[in-house]
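The values are calculated or read from the model by the stated rules, or taken from the named source; none is laboratory data. Everything numeric in this text was worked out from a predicted model, so none of it was measured. Note: ideal-geometry Cβ built from the backbone for every residue, glycine included; neighbour counts use all protein chains shown.
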Amino acid sequence: MTRGRANIVNASEGEGAFVEDAWVGKTLTFGDADTGPAVNVTLRDERCMMINLDPETAKQDPQVMKAVVRLNDNCAGVCATVVRRGAIRLGDIVRVSGPLA
């Protein structure tokens, strides 16, 4: 997770690898569905060679990027824009739905 420099990490049960690809064009709402913070997922995150660097040691491991290229067309994670501000808390339920108007 530290190699990807994620702002938010969400655990999905039983969904498989790269489930976030299906979120593009959808909205993630955190906590309360009606008033909780929300983001529109805009695109898959195409990775650069930085994911090869261990953030603690700076040692390179090209196998990391090779795996992302082979398994998911060089994408891991998604980018999103904020549509409703608020605090996201550990343990919040995350809902995936169509875009917020």
Quiz item: Say we look at region 21-64 and pick out the residues that are under 15 Å from the mean Cα position of the chain (by Cα) and basic (Lys, Arg); which of these is farthest from Gly4 (Cα to Cα)?
Solution: Lys26
Quiz item: Is region 88-98 home to any residue that is of a type outside the set (A, V, I, L, M) and part of a helix (DSSP H, G or I)?
Solution: no
Quiz item: What pairs come up if the first residue lies in region 1-27 and is more than 19 Å from Arg47 (Cα to Cα), the second is in a loop (DSSP other than H, G, I, E, B), and their beta carbons are under 6 Å apart, counting only those six or more places apart or on different chains?
Solution: Thr27/Pro99; Thr27/Leu100
Self-check item: Flag for Val9 being of a type in the set (Val, Ile, Thr), within 16 Å of the chain's Cα centre (by Cα) and surrounded by fewer than 12 Cβ atoms within 10 Å (Cβ to Cβ)
Solution: yes
Exercise. Return the pairs, sorted by first residue and then second, in which the second residue is of a type in the set (Ser, Thr, Tyr) and loosely packed, with under 15 Cβ neighbours inside 10 Å, the first residue lies in region 80-101 and is without any contact (Cβ under 8 Å) to a residue 60 or more places away in the chain, the beta carbons are less than 7 Å apart, and the residues are 6+ apart or on different chains.
Key: Ala80/Thr42; Thr81/Thr42
Quiz item: Which pairs have Cβ atoms under 6 Å, sit 6 or more apart or on different chains, and link a residue in region 42-59 that is under 30 Å from Pro99 (Cβ atoms) and aliphatic (A, V, I, L, M) to one that is outside any loop (DSSP other than H, G, I, E, B) and at pLDDT 90 or above?
Solution: Leu43/Cys79; Ile51/Val64; Ile51/Met65
